[in-house]
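This report refers to the structure that appears directly beneath it.
Read-outs: derived from the displayed coordinates by stated rules, not from any lab. This structure is a prediction, so every number in the text was calculated from the model and none was measured. Neighbour counts run over all protein chains shown; Cβ positions are idealised from the backbone, glycine included.
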Amino acid sequence: MTEIIENIKRAAIEISEAIKTQDTGKVETQNSSGDIQVKLDVISDTIVEKYMLNTSSVKEIISEEKESPVTKERGKYMVAYDPLDGSSLIDVDLSVGSIFGIYENGYNGENIKAAIYVVYGPRVEMVVARDVVELFRLNEKRGEFEFIKELKLQNKGKILGPGGTQKHWYPYHKEMIDSLFQEGYRLRYSGGMVPDLHQILLKEGGLFAYPGTTDKPKGKLRKLFEVFPFAYVYKKAGGYAVDGHKDLLSLKAEHYHDTTPCFFGSEYEINRVLETYKGKK
Ligand code: P6P
């Protein structure tokens, strides 16, 4: 596992350089979820693939940007990754990220053994979740990630990231979001899952919601590459992660690019979600 983490650090440094120097333009292709790709999606995917295929403990990799996995002869772990999540935000200079789920014997929630994400913002930071959740920050001068602190969620927060197209929210979901704002929660939503969830984690509490909607009942965010890794991070940090009814890590992936409604946060907020969704679809 250490070898994987060290090679993800190397990939992150190369990706952060590419973000600063490469063209943010679009390419003509789409990824497996139908998202229009930007050049940096392809560049980042190539960088991660290079490092992961050269990691002896990695047996298979699958990218959000590709239809199916690349498999090697030997290795123990399977790595599912989103090389540059939220890449459409780069041309407006907002923070983006890379997400990695480290799996063993399958890609269901129960198979995830570690999760890592990188935030490319004013600083480059990496969060590594194994038994505990650790924050690292890139020392640009030394070209190394330095350990900063352990991250933990308290049982209640003050910020709320309400994803999804509001006109397509189910009425009970809208009532829940409105009532939290009436309680004084502050809106914190950039459209980038990595910085939005990173902010709640560093502020030690709150709620990020990307629900099922009338136009997308299974939500938008992908189980293997986005949802399971962040569910692992939040649970290891003392928080909760549900689909509205049950623990996200109890879910199975029906196919590589399967999606699910998802809620990540502290105990108070997730209990509110479970109460709201009880008996609903
Ligand atoms: P919306 C970025 O495209 C992404 O996959 C996540 O990073 C983010 O949370 C979500 O989509 C934003 O979706 O519908 O709010 O634009």
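Rounded to the nearest whole Hz, the Karplus-based 3J(HN,Hα) values (6.51 cos²θ - 1.76 cosθ + 1.60, θ = phi - 60°) of segment 42-53 follow the sequence 5, 4, 5, 4, 5, 5, 4, 4, 4, 6, 5, 6, with x at glycine and proline.
Counting other Cβ atoms within 10 Å of each Cβ, which GluC sites (Glu not before Pro) in segment 154-208 have at most 13 and sit in a DSSP loop? Within segment 154-208, the qualifying GluC sites (Glu not before Pro) (loop, at most 13 other Cβ atoms within 10 Å) are E183.
Would you kindly state how much longer the chain becomes between K158 and K278 on full extension, computed as 0.36 nm times their sequence separation minus their alpha carbon distance, in nm to one decimal? All intermediate terms of the calculation are to be shown ahead of the outcome.
Numbers: separation 120, 0.36 × 120 = 43.20 nm, distance 2.36 nm.
Residue separation times 0.36 nm, minus the Cα-Cα distance, leaves 40.8 nm.
Computed over the chain, the per-residue total of -39500 (n - 2.57) for DSSP H runs of n ≥ 4 gives a 222 nm mean residue ellipticity of -8500 deg cm²/dmol, rounded to 500.
How many percent of the alpha carbon pairs in segment 49-189 exceed a separation of 20 Å?
Values: 6241 of 9870 pairs.
Tail of the P(r) past 20 Å holds 63 percent of the pairs.
What is the Cα convex hull volume of segment 165-220 when expressed per residue in Å³? Each step should come with its number before you reach the end.
Working: hull volume 4.8 nm³, N = 56.
Spread over its residues, the Cα hull of segment 165-220 gives 86 Å³ apiece.
For the chain, the Cα gyration tensor yields ellipsoid semi-axes of 28, 20, 19 Å (square root of five times each eigenvalue, largest first, whole Å).
Convex hull volume per residue, computed on the Cα atoms of segment 159-277, equals 93 Å³. Annotation note: GluC sites (Glu not before Pro) in segment 1-88 located in DSSP loop regions with a Cβ neighbour count of at most 15 within 10 Å are E67, E73. In a GNM of the chain with a 10 Å cut-off on Cα contacts, which of A231, A253, A209 has the highest mean-square fluctuation? Looking only at A231, A253, A209, the largest GNM fluctuation is found for A253. Computed 3J(HN,Hα) for segment 194-204, one whole-Hz value per residue from the Karplus formula 6.51 cos²θ - 1.76 cosθ + 1.60 where θ = phi - 60°, is 5, x, 5, 6, 4, 5, 4, 5, 6, 7, 6, glycine and proline marked x. Residues whose amide H falls under 5 Å from that of Y103, counting only those 5 or more places apart or on a different chain, are M78, V79, A80, K113, with hydrogens built in the peptide plane. In this structure the amide hydrogen of L94, modeled in the peptide plane, comes within under 5 Å of no amide hydrogen from residues 5 or more places off or on another chain. Relative to the dominant Cα principal axis of the chain, helix 171-182 is inclined by about 90°. Cross-link partners of K246 among aspartates and glutamates, defined as those whose alpha carbon lies under 15 angstrom from its own and excluding same-chain residues fewer than eight positions apart: E110, E267, E269, E275.
Once backbone amide H atoms are built at 1.01 Å from N, V38 has V27 as its partners under 5 Å, excluding neighbours fewer than 5 places away on the same chain. Potential lengthening of the chain between K246 and S179 amounts to 21.9 nm, from the contour at 0.36 nm per residue minus the alpha-carbon distance. Karplus-derived 3J(HN,Hα) values for segment 139-155, using 6.51 cos²θ - 1.76 cosθ + 1.60 with θ = phi - 60°, are 8, 4, 5, 8, x, 9, 7, 10, 5, 10, 6, 8, 10, 9, 9, 7, 8 Hz; glycine and proline are entered as x.
About its Cα centre, how strong a charge dipole does the chain have in debye, to the nearest 20, once Lys and Arg get +1 and Asp and Glu get -1 at the Cβ? If you can, show how the numbers build up before the last one.
Details: 39 positive and 42 negative charges, 134 e Å.
Approximately 640 debye in magnitude.
Assuming R0 = 41 Å, what is the FRET efficiency of K39 and Q166, from their Cβ-Cβ distance, to the nearest 0.05?
0.85
Could you work out the relative contact order of the chain, using alpha carbon pairs under 8 angstrom and six or more residues apart, expressed as a whole percent? Relative contact order, the chain: 16 percent.
If neighbour count is taken as other Cβ atoms inside 10 Å, put V70, V96 in order from fewest to most.
Details: V70 13, V96 25.
Lowest to highest Cβ neighbour count: V70, V96.
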